[in-house]
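A short worksheet on the structure shown next.
The values are calculated or read from the model by the stated rules, or taken from the named source; none is laboratory data. Here the structure is a predicted model, which means the values were calculated and not measured. As a convention, Cβ positions derive from the backbone with ideal geometry for all residues, glycine included, and neighbour counts pool all protein chains shown. Keep in mind that these areas ignore ligands, DNA and RNA; they rest on the heavy atoms of the full protein, side chains included. Shrake-Rupley method; radii C 1.70, N 1.55, O 1.52, S 1.80 Å.
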Amino acid sequence: MQYKMLIDGHWVEARGGGSRAVIDPATESVITSVPFGDGRDAYAAIDAAARAQPAWAQMTAYERGALLLRAAYLIRERIETLAPIMTRECGKPLNEARGEWNAAADLFEWFAEEGKRAYGRVIPARRSHKRLLVLKEAVGVVATITAWNFPAYLPARKWSAALAAGCTVVGKPSEITPMSAMALVNLLVEAGIPAGVMNLVNGKAEDIGQAFLQSPLVNKISFTGSQRVGQILMRGAADGIKKLALELGGSAPVLIFDDVDVESAAEQAVAAKFRNNGQVCISPARFYAQRGIFEEFLEATRARIAALKLGSGLEAGVTTGPLVTAEGRERVESFVADAQTKGANVVIGGSRPQALGRGFFYQPTLLTNVNPTMRISCDEVFGPVMPVSPFETLADGLRQANATPFGLAGYAMTNNVKTAVRVYEGLKFGIVGVNDLVPATAEGPFGGIKESGFGSEGAAEGLLEYLNTKFVSMGM
Ligand code: ADP
């Protein structure tokens, strides 16, 4: 495995000679060191991508698809090598890492097929001497910037669709977790990706981001990360009127209605909330249990949280790994402190675990007596903290659930079909899960509304993000 940058088909060090350590968050020790570059590397990669793009777009979708399918098979074949790489750099337990790599393979497989369906249209013209056509053409060079929480899935979701559409790519992974993205690029190279079609740069985020914004050769930037950086990109994109897709996180509510099986609801709630230690942009963040089952749900949840096993994700039986960085844990601590100051009760957890001296661990935590003035209610905690509040009626539940500027994902659990319809119609989010707290899948469109950003990833909508519409009007 090459843990380097890939530019124009070559594995390279940073032009400026820089490197940066990758830290294992479970032990706080260095795993390895990787090239850490800047704008110069980004410009070289952009040039390579621009040179490679016409030939890649001229290949048939069948030829591109065959290559992407090979990449999907390679991921599945190597999963036992790939999973520990991810666990070590981002802390998630091995089972979750395997699941993420499998989901990345699903994306390459799905878009290998979907690329064949970039259909245009023939429009009946209002004049007999005209012929009107709509063509779909690759956007061109796509730059991607991704976060550390899904270090393979996030790049895979962008690259699979962009490559299938005939775009070439310059990817920038999070500097915290570059190894999974580099491993993925290794497999694309092995699958036969031509030089320049897929490029990977790692380094100073601001410099590389500016290169992506300022180079006229970059036709689109697809970003997953914080609102802060999303705003920088949106402002910067104004100069070159650059296409953007922004996935900026959320504050997902879950409404648990009193007609559910409480034990089963608690089981699903805890599994979804503490998946990847709460560091998931669609992860349920605010739980609202209807008054009639509130106490019962709280107790069922507490019991399940108590059974979670904290530790290194490489150890068998561990359900919950460390936070990704020391700063990530401090953020969680500050959210809990803020909530406690404003009157929240810690039912379980609420501190670092005594038994684990090293690693960025924090106990899975359950909070009640939460109110809307607390940061936990309105900002993204990105950690293992589960606030549970009561709600009375459907209208009250929807009001509380929608009281956020974010609009990525919202959830409800109910066995009543009318309630289910009312909630999926009433929740103001780009993704709604009804009795499903894990809704992301290659064949479904993923994306937010409101301050969670714009653009779809996955599904037919995801392919369209990387295609321009060309209208051809022919006189006869
Ligand atoms: P998070 O808080 O999840 O780490 P960030 O938005 O800080 O979210 O990081 C997401 C991605 O954005 C990472 O790849 C990071 O390197 C990149 N990034 C950070 N700052 C900038 C910037 N100024 N311009 C472009 N990309 C950036």
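Before moving on, here are some points about what is shown:
- Reachable aspartates and glutamates, given that their alpha-carbon falls under 12 Å from the alpha-carbon of residue 243 and they are not under 8 places away in the same chain: 465
- Counted charge near residue 384, where neighbours are those whose Cβ lies closer than 11 Å (Asp, Glu -1; Lys, Arg +1): +3
- Estimated [θ] at 222 nm from DSSP helical runs (n ≥ 4, -39500 (n - 2.57)) normalised by residues in the chain, nearest 500: -12500 deg cm²/dmol
- Label positions at residue 130 and residue 307, each projected 7 Å from the Cα along the C-beta direction, are separated by 6.7 nm.
- Set of aspartates and glutamates near residue 470 by C-alpha distance (under 18 Å), chain-local residues within fewer than 8 positions excluded: 137, 461
- Residue 425 contributes an accessible area of around 120 Å² to the protein surface, as traced by a 1.4 Å probe with all chains present.
- Protein accessible area in the chain, 1.4 Å probe - carbon and sulfur %: 52
- Environment charge at residue 42 (Cβ cut-off 12 Å; Lys +1, Arg +1, Asp -1, Glu -1): -1
- On full extension, the segment bounded by residue 228 and residue 29 gains 68.7 nm, given 0.36 nm per residue less the C-alpha separation.
- Sum of side-chain charges, residue 373 neighbourhood, beta-carbon under 12 Å (Lys, Arg +1; Asp, Glu -1): 0
- Difference of contour (0.36 nm per residue) and Cα-Cα distance, residue 315 to residue 13: 105.4 nm
- Solvent-accessible ranking of 261, 41, 379, 338, largest area first, probe 1.4 Å: 261, 379, 338, 41
- Given a 1.4 Å probe and the protein chains as shown, residue 247 ends up with an accessible area of around 10 Å².
- Whichever lysines have a C-alpha closer than 16 Å to that of residue 204, once near sequence neighbours (fewer than 8 apart) are set aside: 4, 172
- Accessible area per residue in Å² at 1.4 Å probe, computed on the chain: 40
- Between residue 1 and residue 267, the FRET efficiency estimated from the beta carbon spacing at R0 = 51 angstrom works out to 0.85.
- Rolling a 1.4 Å probe across all protein chains gives residue 10 an accessible area of roughly 110 Å².
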